[in-house]
Amino acid sequence: MKRLVSWRLPTTVLRLAGKRGVSLRELERQSGVRDGYFHQVVRSGRWNPRLDTLESVCDVLDVLASSLMTMAMDEDGDVPEDVLERSKARPGPWGISRYFGCAVRLVRERNGLSLSAMADRTGMDKQNLSHVENRRNGRPVPTVEFVHLLAEGAGEGVAGLMREMERLAEYEAMERRDYQLFLCILDIVDKTVGQ
């Protein structure tokens, strides 16, 4: 397995914050973590946040979680300009941790792995893995290292699993907008028919 992403995240976040002109103190304040949090992370050289904390940081840095993971897993850790450009079109916070279990199952099945085979690859109990895949609303919120473990076990990579969670969240947001449009059309039809 590649070096765990939690050892690469602090450097990646620092580089991206520098490119965005965001200080560590400002990053702490805007992402809602306690004062001194990122100074402690930088000193330890390791960061294994829960996905909701990672999402808050990504919101402040205006980057998709999958892009941040891609940068963290890149050997030289550079922040490519095209990632910065793509992230400007980001539709907003989605709460991707809600889609973790579903994304794990989709990736596992897409890669032709049975639940037993993935359990063997990750060292997890099959029943626990099934529980992860079937939980609803992303509770409890997984940590980045847990996401990395399951992504590698599914043969996908952490950025790929994050992209799958983002895709599912975007799809749900699209369905919600379509449903709201449908309700508006019904309202207009009701008002028109009622006249």
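The values are calculated or read from the model by the stated rules, or taken from the named source; none is laboratory data. Everything numeric here is computed off the predicted structure, so don't read it as measured data. Glycine gets a Cβ as well: all are built from the backbone with ideal geometry, and neighbour counts include every protein chain shown.
Summary of computed values
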quantity	calculated
The listed residue being in contact with a Ser or Thr (Cβ under 8 Å, 6 or more places away or on another chain) and either assigned to a helix (DSSP H, G or I) or assigned by TED's automatic domain parsing to the domain that holds M162 (or both), out of V33, V41, V57, V63	V57
Any hit, the stretch 133-142, residues being under 13 Å from the mean Cα position of the chain (by Cα) and of a type in the set (A, V, I, L, M)	yes
Output for the stretch 39-56, where each listed residue is over 19 Å from G160 (Cα atoms) and buried (at least 23 other Cβ atoms within 10 Å of the Cβ)	W47
Residue that is modelled with the highest pLDDT [pool: residues in the stretch 106-131 that are in a loop (DSSP other than H, G, I, E, B) and hydrophobic (A, V, I, L, M, F, W, C)]	L113
Out of R46, R20, R8, sole residue that is touching a Pro at 6+ places or on another chain (Cβ under 9 Å) and touching a residue at least 24 places away in the same chain (Cβ under 8 Å)	R46
Test: residue in the stretch 132-148 that is in contact with a helix residue (DSSP H, G or I) (Cβ under 8 Å, 6 or more places away or on another chain), part of a loop (DSSP other than H, G, I, E, B), at pLDDT 75 or above and surrounded by fewer than 19 Cβ atoms within 10 Å (Cβ to Cβ)	yes
Which numbered condition R25 misses (of (1) surrounded by fewer than 16 Cβ atoms within 10 Å (Cβ to Cβ); (2) of a type outside the set (D, E); (3) within 30 Å of A154 (Cβ to Cβ))	(3)
